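See below for the structure under consideration.
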Amino acid sequence: MRIALVHDWFTVYAGAERVVEQLLQVFPQAELYAVVDFLEDRHREFLRGKKIHTSFIQKLPGARKYYRTYLPLMPLAIEQFDLHGYDLIISSSHAVAKGVITGPDTLHVSYVHSPPRYAWDLQHQYLEGAGLSKGLKSSLAQGLLHYLRLWDGLAGQRPDILVANSQYIARRIQKAYRRKAEVIYPPVDTGAFTLQKNKEDFYLAASRMVPYKRIDLIVEAFAQMPDRKLVVIGDGPEFPKVQAKAKGASNVQLLGHQPFEVLRDYMQKARAFVFAAEEDFGIAPVEAQACGTPVIAFGKGGTVETVISGETGVFFREQNVRSLIAAIEEFESLSFDPLQIRKNAERFSTERFQREFISLIEREWNNFRAKLSQG
């Protein structure tokens, strides 16, 4: 069987790339395609030395640094890949990868991390965050998003099978594409985290510092609770904003970017992991639970499927300081079993992902071939 694995772009090693890593474990013969490949050498090991077929955007001026500005060209770029010789296409898509064009004798299974948030239900938040809520530039941006939304709606019809990374994303797929998606939770390397029962008296937040992660909200809440210590790991464009929120709060410690070993050590020792994002799935809360560490999370998005309220953590229902402080106070009134928390995390292991994905491919491939044999 000839297999192609199509990913949106390779620029960092994050959650979507971990899915690709596991897919390559399952299908080592697959050839790789992506709009661009600017992955640093230190992150390339998971690609198993494979050459990546890239689009014309790879060679456009400034693409390495500003590849996102070429988003309007990406639908055209993804459609230029010639995939006619493959039996099976697996796309890993949060943007355009699902839009590859395949023939009637090729099975296309798309693992959808999310319909593009900026083109669908979160377009107004993105426009506001970019300072494009009014004026001529806003009108141009809205016109571009309208075009991308029309194309994405069409692209969502092209795969034979859609797979969502959570029930939350399955609902968003139903809303955007009017299609049902089977859920296979993404792989979490729970084996890289070990259970630690003895916790220290500090809370941990760890994330890329981008607006929707709401690290600023967490820091602001702890700045109002000087008797509780918060450690924050991560960097990104929001770091100056977070730093300003932490100014004068001696109980808040910003460590910036840290290597994995340091992050894991803090996750194992933390009294609780605090997570304020509305995430599609949310790998970090599962990693924390793999350490036996309970989670205090915003109760919306994929996190409600990975954290069990009252057993492995608690939720705050509104994305504001008052609600988070109330959740912390609720958390401190409860007791948690680290062994039970670890057991919950193991539901999302890499082994489980591989097993479920192989089962899905085998089933759909047999069904697909049976239909072809019937003419």
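Picking from L217, L162, L254, which residue would you name as being of a type in the set (A, V, I, L, M, F, W, C), at pLDDT 95 or above and in contact with a Ser or Thr (Cβ under 6 Å, 6 or more places away or on another chain)? Testing whether each residue is of a type in the set (A, V, I, L, M, F, W, C), at pLDDT 95 or above and in contact with a Ser or Thr (Cβ under 6 Å, 6 or more places away or on another chain) leaves just L162.
Taking (1) surrounded by 13 or more Cβ atoms within 10 Å (Cβ to Cβ); (2) touching a residue at least 60 places away in the same chain (Cβ under 8 Å); (3) in contact with a Lys or Arg (Cβ under 9 Å, 6 or more places away or on another chain) in turn, G85 satisfies each apart from (1).
For the residues E318, E311, E329, the requirement of being part of a loop (DSSP other than H, G, I, E, B) and without any contact (Cβ under 8 Å) to a residue 24 or more places away in the chain singles out E318.
Annotation note: Cβ proximity below 6 Å between a residue of the stretch 18-31 that is not assigned by TED's automatic domain parsing to the domain that holds I283 and a residue that is surrounded by 18 or more Cβ atoms within 10 Å (Cβ to Cβ) and part of a helix (DSSP H, G or I) (sequence gap 6+ or interchain) occurs for Q22/T350; Q22/F353. Looking at L334, L372, which one is exposed (fewer than 15 other Cβ atoms within 10 Å of the Cβ), more than 26 Å from the chain's Cα centre (by Cα), of a type in the set (A, V, I, L, M) and not in a helix (DSSP H, G or I)? Going through L334, L372 in turn, just one is exposed (fewer than 15 other Cβ atoms within 10 Å of the Cβ), more than 26 Å from the chain's Cα centre (by Cα), of a type in the set (A, V, I, L, M) and not in a helix (DSSP H, G or I): L334. Any chance the stretch 240-250 includes a residue that's under 26 Å from R172 (Cβ atoms) and hydroxyl-bearing (S, T, Y)? Scanning the stretch 240-250 turns up no residue that is under 26 Å from R172 (Cβ atoms) and hydroxyl-bearing (S, T, Y).
The conditions of being under 20 Å from L162 (Cα atoms), over 19 Å from the mean Cα position of the chain (by Cα) and exposed (fewer than 13 other Cβ atoms within 10 Å of the Cβ) are not met by P75. The condition of being basic (K, R) and either on the phi > 0 side of the Ramachandran plot or assigned to a helix (DSSP H, G or I) (or both) holds for only one of K197, K245, that being K245.
Remark: pairs (first residue in the stretch 132-147, assigned to a helix (DSSP H, G or I); second residue surrounded by 13 or more Cβ atoms within 10 Å (Cβ to Cβ) and small (G, A, S); Cβ separation under 6 Å; 6+ apart in sequence or on different chains) = L145/A119. Just the residues that are in a loop (DSSP other than H, G, I, E, B), buried (at least 17 other Cβ atoms within 10 Å of the Cβ) and either touching a helix residue (DSSP H, G or I) at 6+ places or on another chain (Cβ under 7 Å) or at pLDDT below 80 (or both), please, taken from the stretch 96-116. Residues satisfying the conditions are V96, V100, H113, S114, P115, P116. Residues in the stretch 29-59 that are surrounded by fewer than 18 Cβ atoms within 10 Å (Cβ to Cβ) and under 18 Å from L107 (Cα atoms) were compared, and the one that is nearest to the chain's Cα centre (by Cα) is E31.
The residues of the stretch 193-213 that are modelled with pLDDT under 95 and among the small types (G, A, S) amount to a single one, S207. Whenever a residue of the stretch 278-289 is at positive phi, its partners that are buried (at least 24 other Cβ atoms within 10 Å of the Cβ) and in a loop (DSSP other than H, G, I, E, B), lying with C-beta atoms within less than 6 angstrom and at least six residues away or across chains, give the pairs G282/G302.
When restricted to residues that are within 26 Å of the chain's Cα centre (by Cα) and either hydrophobic (A, V, I, L, M, F, W, C) or not assigned by TED's automatic domain parsing to the domain that holds A288 (or both), the stretch 223-265 contains 11.
Report whether or not T54 is among the hydroxyl-bearing types (S, T, Y) and either assigned by TED's automatic domain parsing to the domain that holds S207 or in contact with an Asp or Glu (Cβ under 9 Å, 6 or more places away or on another chain) (or both). For T54, the condition - among the hydroxyl-bearing types (S, T, Y) and either assigned by TED's automatic domain parsing to the domain that holds S207 or in contact with an Asp or Glu (Cβ under 9 Å, 6 or more places away or on another chain) (or both) - is met. If the condition is being over 17 Å from K343 (Cα atoms) and outside any loop (DSSP other than H, G, I, E, B), then the stretch 274-308 contributes V274, F275, E279, I296, A297, F298, G301. Is the stretch 159-167 home to any residue that is touching a Lys or Arg at 6+ places or on another chain (Cβ under 9 Å), surrounded by 17 or more Cβ atoms within 10 Å (Cβ to Cβ) and free of Cβ contacts under 8 Å to residues at least 24 places away in the same chain? Looking through the stretch 159-167, none of the residues is touching a Lys or Arg at 6+ places or on another chain (Cβ under 9 Å), surrounded by 17 or more Cβ atoms within 10 Å (Cβ to Cβ) and free of Cβ contacts under 8 Å to residues at least 24 places away in the same chain.
Among the residues of the stretch 273-313, just one is surrounded by fewer than 24 Cβ atoms within 10 Å (Cβ to Cβ), farther than 18 Å from L334 by Cβ and of a type in the set (V, I, T), namely I283.
Note on the stretch 98-124: residues that are free of Cβ contacts under 8 Å to residues at least 60 places away in the same chain and either within 25 Å of S166 (Cα to Cα) or of a type in the set (K, R) (or both) total 12.
The values are calculated or read from the model by the stated rules, or taken from the named source; none is laboratory data. Worth saying up front: this structure is predicted, and the values here are computed from it rather than measured. Reconstructed Cβ throughout: ideal geometry from the backbone, glycine too, with neighbour counts over all protein chains shown.
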